[in-house]
């Protein structure tokens, strides 16, 4: 059996399945982290939790219920969305935090940023165009 034949069979088997997504990748990374910790801890329950997490990540990848997996992934991204920027590039996130102040519109709850150090200013929401006063 050639390498191309195996890849074709795998591609055919994966058609119509969820595939890899952020939640599955995070759970798999968590599983690997637990296994690395277990190298030093040497506890049976930790390896069991890591194994269950890895099986769950593989199950998500091969699931045919794409709509449900997509909804779970969307909820996960909504939950960890603000943290993702800090994890990917903490230096840039810290620099932005020092340069800008983040505000929320009192009317429509749209998030926006204004430059720091400008004092009291009148801000216009880009979404609903309501004007409000804020300190930067």
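Values quoted throughout were computed directly from the atomic coordinates according to the rules given, and no laboratory measurement underlies them. From a predicted model like this one, the values you see are computed outputs, not experimental measurements. Virtual Cβ from ideal backbone geometry, glycine too; neighbours counted across all protein chains shown.
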Ranked packing of 127-136, 67-76, most packed first, by mean Cβ within 10 Å:
67-76, 127-136
Tell me the label-point distance for the pair residue 113, residue 59, using the 7 Å Cα-to-Cβ offset, in nm and rounded to one decimal.
3.9
Between residue 32 and residue 2, what is the spin-label point distance in nm, taking each point 7 Å from the Cα along the Cα→C-beta axis?
3.1
Roughly what angle does helix 3-14 make with the longest principal axis of the chain, taking Cα atoms, 0 to 90 degrees, to the nearest 10?
60
Cα centroid of segment 1-31 to Cα centroid of segment 118-136, whole Å:
48
What ranking do 20-29, 100-109 get when scored by the average of other Cβ atoms within 10 Å per residue, highest first?
20-29, 100-109
For the chain, just list the percent of Cα-Cα distances falling in each 10 Å bin from zero outward, please.
10, 22, 24, 20, 15, 7, 1, 0
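Output the peptides 49-60, 112-123 sorted from most to least packed, where packing is the average of other Cβ atoms within 10 Å over each peptide's residues. Intermediate results must be reported in sequence, preceding the final value.
Details: 49-60: 16.3, 112-123: 11.0.
So the order, starting with the most tightly packed, is 49-60, 112-123.
Could you give the length gained on full extension between residue 80 and residue 67, defined as 0.36 nm per residue of separation minus the Cα-Cα distance, in nm?
Values: separation 13, 0.36 × 13 = 4.68 nm, distance 2.01 nm.
This chain segment gains 2.7 nm when fully extended.
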To the nearest 10 degrees, how steep is helix 66-88 against the longest Cα principal axis of the chain, on a 0 to 90 scale?
60
Taking the 0 to 90 degree range and rounding to the nearest ten, how far is the long axis of helix 90-99 tilted relative to the main principal axis of the chain, both from C-alpha atoms?
10
